[in-house]
1. In square angstrom, what is the accessible area per residue of region B:115-157 with a 1.4 angstrom probe?
2. Taking the Cβ of B:GLU280 as the center, what net charge do the other residues with Cβ under 14 Å away carry, scoring Lys and Arg +1 and Asp and Glu -1?
3. Net charge near A:GLU208, counting Lys/Arg +1 and Asp/Glu -1 over other residues with Cβ under 9 Å of its Cβ?
4. Against the longest alpha carbon principal axis of chain B, how many degrees, from 0 to 90 and to the nearest 10, is the axis of helix B:124-151 turned?
5. Against the longest principal axis of chain A, how steep is helix A:146-158, in degrees 0 to 90 to the nearest 10, with axes from Cα atoms?
6. For region A:118-226, give me the percentage of DSSP beta bridges that are antiparallel, rounded to the nearest 5 percent.
7. With +1 assigned to the C-beta of every Lys and Arg and -1 to the C-beta of every Asp and Glu, and no other charges, what is the dipole magnitude of region A:19-162 about the Cα centre in debye, to the nearest 20?
8. Which Cα, out of A:ILE28, A:SER73, A:THR9, lies furthest along the positive dipole direction of chain A (beta carbon charges, K/R +1, D/E -1)?
Amino acid sequence: MKIRAVNLTKTYFKGSPHEVSALRNASIDIAERDFCLMTGPSGSGKTTLLCLLGLLTKPTQGKVYIDDEEVSSYSDAWQTKIRKNKIGFIFQQYNLLPQFTAWENVALPNLCRETTAAERKQQALQIMTDLGLKERVDFKVASLSGGEQQRVAVARALITDPEIIFADEPTAAVDEETATAIIGIFKDLKQKGKTIIVSTHDKSLIKEGTMHLTINHGEIQAPIRS
Amino acid sequence: MELLLSISALVLTIGVLFPVTRIYRQWNTSTEAERPELEKTFYLAFAAVIIILGIRLFLVPMYFWTMQGFVPMIPGAMCLWGVFDSVPEVTWGSLLLKFVLPVVFIGWLLLSFINGKCKTHPLMQNMMAFFIAIVPLVLIDSAIDIYVFSKITPLQVSCCSDAIDVWNRPVPGVISGISGQTLIVVAFLSLAAFYTLFLFLALKRRIGHALTLVLSIPLAAVLVLTITETFTPWLLNLPFHHCPFCLFFEHPLSILFTGLLWFGLATPWLLLITNRLGRENAESKNVETQTKKSMLTYAGFSMVIALALIAVDLMMVFT
């Protein structure tokens, strides 16, 4: 799936004294099967751009196209359908639900799809086994290490087999070994032809990308393709 | 429960009026940045309106059922007629509303269905405007229920047979040598058959919809006459009794065919609402057309099933 953004602008607290212009006139064109990496200093607007492209927030101005369909003006309900069916999101802070076990967290996205409880569990166990989490399936996520929690978050993002994967600094809060494992997962996804968009500071991840964007003070520099 | 739900609907309606008006006034003039906030308000208002209209629709059968429960408590009442007669200042007028208002409420729900099938809320403003327009009806409907159920007292009332089984009947006993009761049934069945054909015709041609709109009013009038003048005495086997409430209570199948006929008769009016308010852009026009086709098909088959039930009922009377 390809994603295009045209003149995306996001201003938080617009009109108030605390107004923050997080992104200004950002236009990008991400082709199908692209592995797009975004870099830039903290607070430069990477997460905002990911959230806008991933339809998690609505732009103050500008448009987002997925496969040439202008989706940014869609209602919340329709954007939710697109997120449910086409998008997987990996958050920097994992965003796991601490009161649930690891497999229950992974199975969550399938709760709103037509699957039985047995299928949900089976799929969750399968993907967790693939990601080396077989021994941790029944653990409450709060008792897992940071690296394990991030892998649970990755499993949760991938369980629906999304066509686009967004990841916000997926290796920032994990040890080197887990970072290598996560980079390996992205390599596999790239092989499978998924469109991947990642914000990162990780140099070993940057070299895997097919497209590199630099964001500074809410503005995108010209993308570099490799 | 009727009283509690009516009060809830009344309070909710007043409460939701402000956000609904705000969405209606600001949606088209809002900037891209303001829209997400308005959209969130819309979801809240939308849920509240669904609850309000859901309550009002649920309370239509509940109203009759609850009233039926008062029959043993009202001296002289043998059926719903007597209960209605114990608060006559509003019940007879409300009876008409109980059949007409659901058309308006379901019309709004149909608009919301079409809007939900579209990707960009094209009908949001129309839905809000339509709700503002029907608020007085919702309030009147709720207020009537509250009034009726707080006023109902065990007064001595007349039985339905004293009130309705009087001469002269609206349909003469004999017309040109043929029984008036038979003639009214024939007229009803003929009109209903044409009406059903027009419903199916409306699937292909716009003239069909116009014809159903025109024909629905005389058909509704003839239906009421047929129920009181023919179906009640025939199906209850009481040649001089004409109370429709007795028919519905003693012969529950009549509730089913009346309900199906109501749906058949209401459909052209529902589609008039969606036609006027549910075609804002290409996408909504497309969804509205699909919805119209489904509704007309359901309505056509409702009529066919209702007429089949009536035919079976009448055959059983004469065999």
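The values are calculated or read from the model by the stated rules, or taken from the named source; none is laboratory data. From a predicted model like this one, the values you see are computed outputs, not experimental measurements. Every residue, glycine among them, receives a Cβ derived from its backbone with ideal geometry; neighbour counts consider all protein chains shown. Areas reflect the complete protein model, heavy atoms only, side chains present, ligands, DNA and RNA absent. Shrake-Rupley method; radii C 1.70, N 1.55, O 1.52, S 1.80 Å.
1. On the way: 1680 Å² over 43 residues.
I get 39 Å² per residue for this part.
2. Working: positive: B:LYS117, B:LYS119, B:ARG276, B:ARG279, B:LYS285; negative: B:GLU283, B:GLU288.
For residues surrounding B:GLU280, the net value is +3.
3. Working: positive: A:LYS187, A:LYS190, A:LYS207; negative: none.
Neighbour charge sum, excluding A:GLU208 itself: +3.
4. Taking the Cα atoms of chain B, the angle to B:124-151 is about 40 degrees.
5. Between helix and principal axis, roughly 80 degrees.
6. Working: 4 of 9 bridges.
Counting DSSP beta bridges with both partners in region A:118-226, the antiparallel share is about 45 percent.
7. Numbers: 17 positive and 17 negative charges, 73 e Å.
It comes to approximately 360 debye.
8. Final value for the positive-end residue is A:SER73.
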